[in-house]
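Participant: Could you have a look at this structure, given as structure tokens, before my questions?
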Amino acid sequence: VQLQASGGGLVQAGDSLKLSCAASGRTISTYVLGWFRQAPGKEREFVAGISRSGGSTDYADSVKGRFTIDRNNAKNTVYLQMNSLKPEDTAVYYCAAEFGTAVVRPIYEYEYWGKGTKVTVSS
């Protein structure tokens, strides 16, 4: 499966942004999907994950209550709604897919990765 993230940009603190990740090649309904981010000089980290049906989600503590992950299997797309953005949310955001059943956090669990989309939050 090929993944392509989009929707990044430059926003101010407190603004909202919605990222999309479109899949091609295979239906995403058989994959757990995740969003990760990598800030300059830092390691890539888990942000949010969603189960195949969308019935189970998981969030990093740093984004819980502000970010929402959602998926539309019919459109082969996963989304990340980001509200109340903070300067520390500045990073390149990546979507990833894992051929499993449960939402997991470790990067090595995800087999497929898209190119990232850059999000910059100014103070």
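The values are calculated or read from the model by the stated rules, or taken from the named source; none is laboratory data. Keep in mind that this is a model prediction, so the values were computed, not measured. Ideal geometry is used to build each Cβ from the backbone, glycine not excepted, and the neighbour counts take in all protein chains shown. Protein only, heavy atoms only, side chains kept; ligands, DNA and RNA dropped before computing areas. Shrake-Rupley method; radii C 1.70, N 1.55, O 1.52, S 1.80 Å.
Participant: May I ask you to derive the relative contact order of the range 33-92, considering only C-alpha pairs under 8 Å and at least 6 residues apart, and to give it as an integer percent?
Facilitator: Working: 81 pairs, mean separation 17.2, N = 60.
Reported relative contact order: 29 percent.
Participant: While we're looking at this one, here's another question. Semi-axes of the equivalent ellipsoid of the range 66-115: what are they in whole Å, largest first, if each equals the square root of 5 times a C-alpha gyration tensor eigenvalue? Can you show the working numbers first?
Facilitator: Numbers: eigenvalues 88, 45, 23 Å².
Result for the range 66-115: semi-axes of 21, 15, 11 Å.
Participant: Continuing with the same structure: Rounding to the nearest 20 debye, state how big the charge dipole of the chain is about its Cα centre with +1 on each Lys and Arg Cβ and -1 on each Asp and Glu Cβ. Before the final figure, lay out the partial values.
Facilitator: Working: 14 positive and 11 negative charges, 54 e Å.
Magnitude of the dipole: close to 260 debye.
Participant: Quick one: net charge of Gly8's neighbours, Cβ under 12 Å, K/R +1, D/E -1?
Facilitator: Values: positive: Lys18, Arg37, Lys115, Lys118; negative: Asp89.
Neighbourhood net charge equals +3.
Participant: Leaving out ligands, DNA and RNA, what percent of the accessible area of the chain is carbon and sulfur, probe 1.4 Å?
Facilitator: Working: 2880 of 6130 Å².
After summing per-atom areas, the C and S share lands at 47 percent.
Participant: May I ask you to rank Asp15, Asp61, Asp70 by accessible area, largest first, using a 1.4 Å probe over the protein chains only? Don't skip to the end; give the middle numbers.
Facilitator: Numbers: Asp15 60, Asp61 125, Asp70 85 Å².
Descending order: Asp61, Asp70, Asp15.
Participant: Excluding the sites themselves, what is the longest stretch of the chain that contains no GluC sites (Glu not before Pro) in a DSSP loop with at most 16 other C-beta atoms within 10 Å?
Facilitator: On the way: sites that count: Glu43, Glu111.
In the chain, the maximal stretch lacking such sites is 44-110.
Participant: Would you please report the Å³ per residue occupied by the convex hull of the alpha carbon atoms in the range 9-123? Display every interim value, and only then the final one.
Facilitator: Numbers: hull volume 10.7 nm³, N = 115.
Measuring per residue, one finds 93 Å³ for the Cα hull of the range 9-123.
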